[in-house]
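Okay, structure first, notes after.
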Amino acid sequence: MQEQYADIIVDISHEKLDKTFQYRVPERLREVLEPGMCVQIPFGNGNRLIKGYVLEIGTRCKFDPARTKDIAGIAEKDVDVTDKMIALAAWIRKNYGSTMIQALKTVLPAKQTVKKLEHRYVEVLMNAEELRSLLGESMRKKNQMGRVRLLTALLEQEKERRENTGASGNAVIPYRWITTKLNISAATINSLEKAGAIRIFTTESFRNPVTCEDGAISRPLRKLSSAQQDIVESVLKDLDCGNPKTYLLHGITGSGKTEVYMELIEGVIQRGRQAIVLIPEIALTYQTLLRFYSRFGDRVSVINSTLSAGERYDQCERAKKGEIDVIIGPRSALFTPFPNVGLIVMDEEHESSYKSESTPKYHARETAIEVARLHGAGVVLGSATPSMEAFYRAEKGQYQLFTLTERLTGGTLPTVYTVDLREELRKGNRSIFSEKLQRLLADRLSKGQQSILFLNRRGYAGFVSCRACGEVMKCPHCDVSLSEHGNGRLMCHYCGYSEPKPKVCPKCGSKYVLGFKAGTQQIEEKLKELFPSVRTLRMDGDTTKTKGSYEEILSAFAEGEADVLIGTQMIVKGHDFPNVTLVGVLAADLSLSASDYRAGERTFQLLTQAVGRAGRGELPGEAVIQTYQPEHYAVVHAAAQDYGSFYQEEILYRELGGYPPAANMLAVQIFARNEKMGGQLAQALAVQAKEDAVQVLGPAPATISKINDIYRFVFYIKSGDYDRLIQSKDRLECWLAERQLPDVQVQFDFNPMSSM
C-alpha cells in the first residue's frame, strides 16, 4: 500500500499559520484519518508528544522519508472551542473548495500583537493623619505646589470615600485624573510613591466597542403575542429535549421577529449558553445593537469591519472568557469562539451578503447550521421574504416553518401604487419622479411626515432595454439578460452567447434602446429642484466610508433632522422609522433585469422590504413602485406583499431551468495573466468536468473579463445532487495539483449568488 503523509499544524495563530510539519500516516490510521482531526505527534529532539491538527493528506513526501516521523495517534480528549473551529474549517474546505489554511484563516480570529488596554491607578497607602503630616511638610518647602495640590486631593478623596461609603481599605484614584484634572507631573507622583504615601499600579482589560451611551435609548418590553410565544416555547422545548432544529421564521415586515429573537436569547442565556445574532449589513448594527443592549446590557458585544483589529480580537477573547453572552455582526460573527453556543439567529436570511465573495466562498446559512451541529444548538432563520433555498427546504420538511402574519403595532401593510414609466414617458414626464410620487412627496412635506427614496441599483450589470416598451435584451438559451460590453456587443455570462447591440427595439421598433443610469446624488439634486426647502440625507457608498457614518445618518433621520432619506439597498433593510409614511422605489428594473437567474427573487425581496419601511408607526403608509415592467410577476406580487404567489411562480422557473434550489450549481472561475492560457485551461477543466456525467455550461469570459491585467473565465456545472458537485470539485482540484500550473488561479463557488 502506498505511503501517506500528513501536513500538520501545531500553533493555531495567524502569525504561524503557514508553518506546517509533515508526518507519516501509520497504516492503522490510513482509513480513519481526515483533515481537521486532532492528533498526537512526536515533536523536537526529545520526542515529547504534543497536539497538532491535520491540514492535508497526500502521497508525496516533502522531506527525507527516512527522517519523517509517524503520527502517534488521534488525540482522545474532550472537544474544546479550538477543536470545534478546526472541525468547522475542515467542513468548509470540503464543502466550498479551498486549502485548509485558507479555511483556518477564515474561522480563527487573527492573533494580534497589540497590547491590551492599560489603566493606571494610584492607591493611597497612608492614613489621613499621615497625609496631613506630609502635607504640612510640603507646604513649608519651596517649589512644592504640585505636591501640595496632590496631597490635598488625596485627603479630600479619602474623606469623601469614608463619609459616603464607610468602606474599609485604601482609596484608589485614576492616574489620568491626577495628571489631567490636577495637572500634576509624573515626577511629583513618583516622589510621593518613593515617600511611601501612594502606590502606582496598572490593570489590563479588553477593548469593548459597546459603550453605555450606545444603549442609552431604552425600549419598553412588549408582551409577546400568542403566535410569538408559541414559537419561543417550541424552540426552547426542542433545545431542552436535546433536539434542536433549523427553523424558518417567515414574518411580514413589522411582525415582531426581533422580539422573538430576544425572548429566545433570554431563554438560552438562562440555560447557561450563548447566542450569535447575524445581520446582513453594517448599517443594521446600530439599531439592532440598541435594541439588544437595552435588553441584555453589557453582556452584548458586536463584531464588524468598522472595528480595529485589536477590538475584533478582543471580542473573541471576551467570548472565550465568558465576559459576553451575545455577539452581533455580519457573517464573520459566526466564528466567535463561544464555549457553548445555544442559538444562532440569522436575520434577513435572504440577503446575498451572507455569501462570502472571497475563497472559501461559504454561505453563512449552511455554515451556521454546521456550527450549530457542533454545539448542539438551534438555528433561527428570519425574513419577511425568505430565500428560495430556505423556503424550499421548509416545504421539503428539512426546516421547521413558523409564520407571523400580523404587524406588531396592529397597523396594516402600506398601500402600494405601481407606476408604469412607459406611460409617464408618453405623457411627456421625463423626470426621475412620476407624477404620483411627486404629489405624495408634496403631501408628506406639508404634513411634517418623513419619506424614503430608494434607488434599486443592486444587480446592475450593464443590461439593455427599450425605454418605449420595456423589452429587455435576453439570452435565447439561458433566459437571463445580456450584458453590454464596450465593443458594442451583448453577451450572456452563463453560456457565452453574444450578439450585436440592436439599433432599434426588436419588439416595437423604438430607437430608445439603452441602459439606465442614475445615482443618489442626481436624485437628491432633482428633488431639491422640485422642493427647494426639503431637508435631505443621503446614504450610499460615498456617504458611509468613515467609521460611525452609518450611525450618524440613521440617528439623524430617526431624530427628524431630515424630511427625506435617499439611498441604495442599505436603507431598506430592517430599519424602523415610525414617522416614515411614504417610500418611493425609483427604477425597480435595475435589479429585475440583471443578467442573473436570481434577478426576479432579488427584485421581489428588495421591493417588499422597501415598501415595508412605510407605515410602521401609528400612521398608515403608502409606497410607489416605478417600473418599466409593471406586469412582471416579481413586481405584481411585491406590490401585493404576496410571498406565496411569488414563490410558486419562481420555483417553477427554477425547476424548468435547473437552477437552485431545484438543482445545484458550481461556478468554476479561472484567473490567468495570459488570456490564451486562461481560455485553454477553462476549456480543459470543462472537459474534465463533463466526465462526471454532469451538465456543463460554458466556458465563457466572466462578466468583467479582465481586472488588473488578470483575465477571467468561468463555466458552470449543474447537478441535482450537491455531493456530485463536491466530487467534481475534488477531481478538478486533483487534476490541477498534478500539473501545478504557474500564473493561474482557480476558485470554486457553490450555488453562486450572482453571475460571474
Based on this model, can you work out whether Ala319 counts as closer than 28 Å to Arg598 by Cα and in contact with a Phe, Trp or Tyr (Cβ under 6 Å, 6 or more places away or on another chain)? no
Can you confirm whether the stretch 434-457 contains a residue that is basic (Lys, Arg), open to solvent by 40 Å² or more (accessible area, probe 1.4 Å) and touching a helix residue (DSSP H, G or I) at 6+ places or on another chain (Cβ under 7 Å)? yes
Considering the stretch 249-273, residues that are farther than 24 Å from Arg616 by Cα and touching a residue at least 24 places away in the same chain (Cβ under 8 Å), and then whichever is most open to solvent (accessible area, probe 1.4 Å), we arrive at Arg271
Of all residues making up the stretch 16-59, the number that are over 20 Å from Ile101 (Cα atoms) and among the hydroxyl-bearing types (Ser, Thr, Tyr): 0
Does the stretch 705-740 hold any residues that are out of contact with any helix residue (DSSP H, G or I) (no Cβ under 7 Å at 6 or more places or on another chain) and more than 28 Å from Glu366 (Cα to Cα), and which are they? Ser705, Lys706, Ile707, Asn708, Asp709, Ile710, Glu738, Arg739, Gln740
Quick one: how many residues across the stretch 588-628 are closer than 22 Å to Ser353 by Cα and of a type outside the set (Val, Ile, Thr)? 23
Hits in the stretch 606-646 (condition: touching a His at 6+ places or on another chain (Cβ under 6 Å) and open to solvent by less than 10 Å² (accessible area, probe 1.4 Å)): Phe646
Across the stretch 55-80, what is the number of residues that are at pLDDT below 85, surrounded by fewer than 18 Cβ atoms within 10 Å (Cβ to Cβ) and closer than 22 Å to Val107 by Cβ? 6
Given (1) part of a helix (DSSP H, G or I); (2) open to solvent by less than 10 Å² (accessible area, probe 1.4 Å); (3) at pLDDT 95 or above; (4) touching a helix residue (DSSP H, G or I) at 6+ places or on another chain (Cβ under 9 Å), identify the lone condition not met by Glu366. (2)
The residue from Ala167, Ala187 that alone is part of a helix (DSSP H, G or I) and either at pLDDT 85 or above or exposed (fewer than 14 other Cβ atoms within 10 Å of the Cβ) (or both) is Ala187
Within the set of pairs 6+ apart or on separate chains, which have a first residue in the stretch 45-69 that is under 16 Å from Val32 (Cα atoms), a second that is open to solvent by 30 Å² or more (accessible area, probe 1.4 Å) and in a helix (DSSP H, G or I), and C-beta atoms under 7 Å apart? Leu55/Ile101
Considering (1) charged (D, E, K, R); (2) farther than 23 Å from Tyr354 by Cβ; (3) touching a residue at least 24 places away in the same chain (Cβ under 8 Å), say which one Glu738 fails and leave the rest. (3)
Leading residue by the ranking (nearest to Ala390 (Cα to Cα)) among those in the stretch 657-683 that are open to solvent by 20 Å² or more (accessible area, probe 1.4 Å) and aliphatic (A, V, I, L, M): Ala662
Look at Leu307 and say whether it is out of contact with any strand residue (DSSP E or B) (no Cβ under 8 Å at 6 or more places or on another chain), closer than 24 Å to Leu108 by Cβ, in contact (Cβ under 8 Å) with a residue 60 or more places away in the chain and in a loop (DSSP other than H, G, I, E, B). yes
Which listed residue is open to solvent by less than 30 Å² (accessible area, probe 1.4 Å), part of a loop (DSSP other than H, G, I, E, B) and within 26 Å of Trp91 (Cα to Cα), from Pro360, Pro339: Pro360
At least 1 residues that are at pLDDT 90 or above, within 29 Å of the chain's Cα centre (by Cα) and farther than 27 Å from His477 by Cβ in each: list the strands (runs of 3 or more DSSP E) lying fully within the stretch 684-756 that qualify. 744-750
If you go through Leu381, Leu374, the only one that is touching a helix residue (DSSP H, G or I) at 6+ places or on another chain (Cβ under 9 Å), open to solvent by 10 Å² or more (accessible area, probe 1.4 Å) and not hydroxyl-bearing (Ser, Thr, Tyr) is Leu374
Has the stretch 685-704 got any residue that is touching an Asp or Glu at 6+ places or on another chain (Cβ under 7 Å) and touching a residue at least 12 places away in the same chain (Cβ under 8 Å)? no
Going by what's in this entry, would Pro500 be described as more than 30 Å from Leu582 (Cα to Cα), touching an Asp or Glu at 6+ places or on another chain (Cβ under 9 Å) and modelled with pLDDT of 85 or more? no
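Take Ser387 and decide whether it is polar (S, T, N, Q), crowded, with 18+ Cβ neighbours inside 10 Å and under 30 Å from Ala623 (Cβ atoms).
So Ser387 passes the test.
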Going through the stretch 15-54 one residue at a time, which ones are at pLDDT below 85, among the basic types (Lys, Arg) and either in contact with a Leu (Cβ under 6 Å, 6 or more places away or on another chain) or under 16 Å from Ala75 (Cβ atoms) (or both)? Arg48, Lys51
Name the pairs: first residue in the stretch 281-303 and open to solvent by less than 20 Å² (accessible area, probe 1.4 Å), second residue among the polar types (S, T, N, Q) and modelled with pLDDT of 80 or more, Cβ to Cβ under 8 Å, at least 6 apart or on different chains? Ser301/Gln315; Val302/Gln315; Ile303/Gln315; Ile303/Ser332; Ile303/Thr336
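The values are calculated or read from the model by the stated rules, or taken from the named source; none is laboratory data. Please read all numbers here as calculations on a predicted model, not as lab measurements. Methodologically, a virtual Cβ is constructed for each residue, glycine included, from the backbone with ideal geometry; neighbour enumeration extends over all protein chains shown. When the accessible area is computed, the model is the full protein with side chains, heavy atoms only, and any ligands, DNA or RNA have been set aside. Shrake-Rupley method; radii C 1.70, N 1.55, O 1.52, S 1.80 Å.
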